[in-house]
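Please read the structure below before turning to the comments.
Each value in this text was obtained by applying a stated rule to the coordinates, not by laboratory testing. Note that the structure is a prediction, hence the values are computed from the model and not measured. Note that each Cβ is placed from the backbone with ideal geometry, even for glycine, and that neighbours are counted across all protein chains shown.
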Amino acid sequence: MAFGDDDTPSLPLNEDKDPSASPSNPTRSLPTEADGAASIESITHKIQESLSVSKRHRFWETQPVGQFKDLGDASLPEGPIEQPITLSDVRPDTYTLPALYEWSTCDVDNDATAAEVYTLLANNYVEDDDNMFRFNYSKEFLRWALRPPGYFKAWHIGVRVKANKKLVAFITGVPARIRAGNEVVRMAEVNFLCVHKKLRSKRLAPVLIKEVTRRVHREDMWQAAYTAGVVLPTPIATCQYWHRSLNPKKLIDVGFSRLGARMTMSRTIRLYKLPPLPATPGFRNMEFRDVPAVTALLRDYLSRFVVAPDLDEKDVEHWLLPREDVVDSFLVESPDSHEITDFCSFYTLPSLILNNATYSNLKAAYSFYNVATKTPLLQLMNDALIVAKQKGYDVFNALDVMENESFLKDLKFGPGDGMLHYYLYNYRLKHALKPSELGLVLL
Ligand SMILES: CC(C)(COP(=O)(O)OP(=O)(O)OC[C@H]1O[C@@H](n2cnc3c(N)ncnc32)[C@H](O)[C@@H]1OP(=O)(O)O)[C@@H](O)C(=O)NCCC(=O)NCCS
C-alpha cells in the first residue's frame, strides 16, 4: 500500500516547536561512496554537522545524556547519569499525542501489521544526503531485528491517524546486555525511529523517544544504545562506512559510485573481480550445532573492546544463525581437528534506488561480527566478499569498528560519505572511543 497524499492530516504545531529549527530534516544518512565531486548539498550538510556541537538541542538538553558543555570534564564519573526511580513511580500513562493521532503497539508477527511497518519505512526511512537511495528493510529482517530473546511487544511502538488508522510514525526498542568497560548493563537498543515525511519538524520525534523510554523504564531498564547519522549530545564514538564494490557496473550506473579518474568500465570491473569460490579450507555455513563454539569464539573476541554486547548462546542462535536474505554466517572448521577457528557474518539491507529507469533495488551486505583466530582476517573477509558476490550482492559495506581497518584498504573498500555516531542513553563514558575500541554493530 502506498501512502496517498490526503489521508495524513498535518499536525498542529507542538508547544515546544523551535522556531529557529533548521528546515533540513536530520537523518541517519544512508552511506554512499565518497566522491571527490560531492554535491553542494552534502558539503553544506557536513559543515552544518561540524557546527552542530554548538547548536541548541531543546529536547536532548533535557535528557540524561552526555552534554556538549561537559565534554572533556574528567571529574564526571563513568556510569549511569541518573539513578533509577522506584518502578511504581514510572509514569503509567502514555505521553500525549496531538489530537488526531493515537498510539498503537505493532505486532510484527502479524502479516498485515508487518506490511504496514514495512511500507512506512520503505517510503519514509533513512535516505542518503542526495536522496538517491532509501533503506528498504524487508519484513523478514524487521521480524528478526525486533524479536530477539526476551523482546517486549510493547516496545514496538507505532503512531496512527485516529480517523483511518494509517501508520505514520514508528520507534522500537529491543533488550540487550551491553558491556561498557567492566560493567554489563541491561539496555534497550533503540532503532527504526521514523516519522512520515508529511509530519516532519513538528517535534513528534521527542514524543516517540520519551514514550519508548517510558516503556523501557517500565521493564526496569534505565539505559539504551542507539546510532544516528546526525550529531546529537554526545556521541561515544563516530564511525565511518566503507564500501566494497561487488557489481561495479551497476553501482556506477545507479550513481552509488563513480568511475575513477583514468579508469574505464572494463578496468574497473577487472579491479573488483573476485575468485569464484572461498579460498579457506573448511569454510562453510554456520549451522545450529555450531552455536556453542561460535558463542565461545565471539565472547572471547568481544571482551577486547570497550563497548560490546554480552552474548550468550540464545543470543547467538538468534542473531547469527543464517536466515535467508536476512543474516549470513560462515565459519572455518579445521579439516584436521574439526575445531571452529574463525567466523564471519553479514546482514542483508537493500536500498531502494529512487528515480532510476533500469534498477529499483540495491542489494547490500553489511559486515556484522567477524572473528579470526587461525585464518588471517584479510583472507577470511575476502572469503566473505566471495560468498556475497556469489549470492548476488551489489556492494559489501563495513564500518571501521573492531579490527575492520586492518582489511578495508587491502580488500579494495573505499571510504563512504556517511558517518555513523554511536550513543548511550543515561550512561557516561569517561572518554570518547576510537572506532577500533567499539565492538558493537546495531542494525
Ligand atoms: C529522524 C526523524 C524521526 C526526526 O523527526 P523530525 O520530524 O525530523 O524532527 P522532530 O521535529 O520531530 O524532532 C526534532 C528533535 O528530534 C531529534 N532527532 C532528530 N533525529 C534524531 C535521531 N535520529 N535520533 C534521535 N533524535 C533525533 C532532533 O535532534 C531534535 O531534538 P533537539 O531539538 O534536541 O535537537 C525524521 O526526520 C525521520 O523519520 N527521518 C528519516 C528516518 C531517520 O533518519 N530516522 C533516524 C534513524 S537514526
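Output needed for region 217-304: three equivalent-ellipsoid semi-axes, defined as square roots of 5 times the C-alpha gyration tensor eigenvalues, in descending order, whole Å.
The equivalent ellipsoid of region 217-304 has semi-axes of 36, 27, 12 Å.
Assign one of three labels to region 40-232, namely rounded, prolate or oblate, based on the Cα gyration tensor with a ≥ b ≥ c the square roots of its eigenvalues; rounded applies when a/c is under 1.5, prolate when it is not and a/b is larger than b/c, and oblate otherwise.
Oblate.
Counting C-alpha atoms alone, how compact is region 223-268: give Rg to one decimal and Dmax as a whole number, in angstrom.
Cα only, region 223-268: 16.8, 51 Å (Rg, Dmax).
Considering the Cα trace of the chain, what is its radius of gyration and what is Dmax, both in angstroms?
Using the Cα atoms of the chain, the pair Rg, Dmax is 21.8, 68 Å.
Output the pairs from Lys162/Lys202; Lys273/Lys363; Lys139/Lys434; Lys139/Lys197 with a Cα-Cα distance over 28 Å in this structure; if there are none, say none.
Over 28 Å apart, Cα to Cα: Lys139/Lys434.
In what sequence do Thr86, Thr234, Thr94 fall when counting other Cβ within 10 Å, fewest first?
Thr86, Thr94, Thr234
Given N residues in region 376-422, what is its alpha carbon radius of gyration divided by 2.2 N^0.38 Å?
1.19
Post the alpha-carbon centroid distance, region 50-96 to region 260-295, in whole angstrom.
Region 50-96 and region 260-295 have Cα centres spaced 43 Å from each other.
Evaluate Rg over Rh across region 238-437, taking Cα atoms for both radii and Kirkwood's formula for Rh.
Reported Rg/Rh, Kirkwood definition of Rh: 0.98.
Per 0.36 nm of contour for each residue apart, how much would the distance between Asp310 and Lys374 grow if the chain were fully extended, relative to their Cα-Cα spacing?
20.7 nm
Among Asn397, Asn182, Asn361, determine the one that fluctuates most according to a GNM of the chain built with springs between C-alpha atoms less than 10 Å apart.
Highest fluctuation of the listed residues: Asn182.
Could you order the peptides 74-82, 319-327 from most to least packed, using the average number of other C-beta atoms within 10 Å per residue?
319-327, 74-82
How far, in nm, would the chain grow between Leu76 and Lys412 when pulled straight, counting 0.36 nm per residue and subtracting the alpha carbon separation?
Here the segment from Leu76 to Lys412 would lengthen by 116.8 nm.
Let me know the charge dipole size of the chain about its Cα centre in debye, to the nearest 20, where only the beta-carbon of Lys, Arg (+1) and Asp, Glu (-1) is charged.
920 debye
Among Glu116, Glu183, Glu211, which one shows the highest mean-square fluctuation when the chain is modelled as a Gaussian network with alpha-carbon springs under 10 Å?
In this elastic network of the chain, the residue with the biggest mean-square fluctuation among Glu116, Glu183, Glu211 is Glu183.
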